[in-house]
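Participant: Below: one structure in structure tokens.
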Amino acid sequence: MKTSLRNRHRNLRPALASLRPLIRRWEKLLPIRLSELSVVFLDDAEMSDLHDRLMADPTPTDILTLDYGKGMAEIFISLDTAKRQAVEQGNSFAGELRLYLVHGLLHLSGFGDKTPSQRKQMRSAEQQLLHNEKIKAP
């Protein structure tokens, strides 16, 4: 899978080089095969704009996952939200980013999080993937 990682945040600089091998490892554990994945790191302002355009919700969100079909997908992650949530959840910034990446990859694998039962299944799959366990399709 061709993976592109881009940081468009002006101040926060995640360790992109450390994320690429994790994405490769996780992709092998998932029930999907992508030919191309783009991961874009944004600030809250840009994420709010994107969230508004795509979902008619002008608030920032942690992650947006877009599946374009034919093996092509894009994941957008707000670094501002990740930083805030890491503090609130007692997680490291890097750990929060790993969680968001796993979450996006699981969405691309067919996992949802709209209902309580979907969220429970998603949380379980997130932990499995973070511990490098193979994931079955939902």
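What follows is calculated from the coordinates using simple rules that are stated; it is not laboratory data. Remember, it's a predicted structure, so these values are computed and weren't measured experimentally. Cβ: placed from backbone, ideal geometry, glycine included. Neighbour counts: every protein chain shown.
Participant: Could you work out the helix-only [θ] at 222 nm for the chain, with each DSSP H run of four or more residues adding -39,500 (n - 2.57) and the total divided by the number of residues, to the nearest 500 deg cm²/dmol? Don't skip to the end; give the middle numbers.
Facilitator: Values: 5 runs with 67 residues, N = 138.
After summing the helix terms and dividing by the residues of the chain, the value is -15500 deg cm²/dmol.
Participant: Please work out the C-alpha center-to-center distance from region 1-52 to region 83-138 and express it in whole Å.
Facilitator: Each part's Cα centre sits 14 Å from the other's.
Participant: Which one, 59, 115, 81, has the greatest fluctuation when you compute a Gaussian network model over the chain with C-alpha springs under 10 angstrom?
Facilitator: Ranking 59, 115, 81 by mean-square fluctuation puts 115 first.
Participant: With r as the distance between the Cβ atoms of residue 113 and residue 1 and R0 = 30 Å, compute the FRET efficiency 1/(1 + (r/R0)^6) and round to 0.05.
Facilitator: Details: r = 23 Å, r/R0 = 0.77.
E between residue 1 and residue 113, to the nearest 0.05, is 0.80.
Participant: Quick one: what are the phi-derived ³J(HN,Hα) couplings along region 45-52, Karplus 6.51/-1.76/1.60 with θ = phi - 60°, whole Hz, x for glycine and proline?
Facilitator: With coefficients 6.51, -1.76 and 1.60, one gets 4, 5, 5, 4, 4, 5, 4, 5 Hz.
Participant: How much length would be gained if the chain were fully extended between residue 52 and residue 28, taking 0.36 nm per residue of separation minus their Cα-Cα distance, in nm to one decimal?
Facilitator: Values: separation 24, 0.36 × 24 = 8.64 nm, distance 3.27 nm.
Length gained, residue 52 through residue 28: 5.4 nm.
Participant: Still on this structure: Measuring from label point to label point, each 7 Å out along Cα→Cβ, what is the residue 124 to residue 89 span in nm?
Facilitator: Each label point lies 7 Å from its Cα, and together they span 1.9 nm.
Participant: Under 10 Å from the Cβ of residue 38, count the other residues' Cβ atoms, weight Lys and Arg +1, Asp and Glu -1, and hand me the total. Intermediate results must be reported in sequence, preceding the final value.
Facilitator: On the way: positive: 2, 6; negative: 36, 74.
With Lys, Arg at +1 and Asp, Glu at -1, the neighbours total 0.
Participant: Can you work out the FRET efficiency for the pair residue 136 and residue 66, with r the C-beta to C-beta distance and R0 = 22 Å, to the nearest 0.05?
Facilitator: Values: r = 23 Å, r/R0 = 1.06.
Once the sixth-power term is evaluated, E becomes 0.40.
Participant: Right, something else. Cα gyration tensor of region 2-130, axes a ≥ b ≥ c as square roots of the eigenvalues: rounded (a/c below 1.5), prolate (a/b > b/c) or oblate? Let's see the in-between values first.
Facilitator: Details: a/c = 1.21, a/b = 1.17, b/c = 1.03.
The shape class here is rounded.
Participant: Cut-off under 17 Å on the C-alpha distance; same-chain residues fewer than 8 positions from residue 2 excluded. Which lysines are left, in chain and number order?
Facilitator: List returned: 28, 70.
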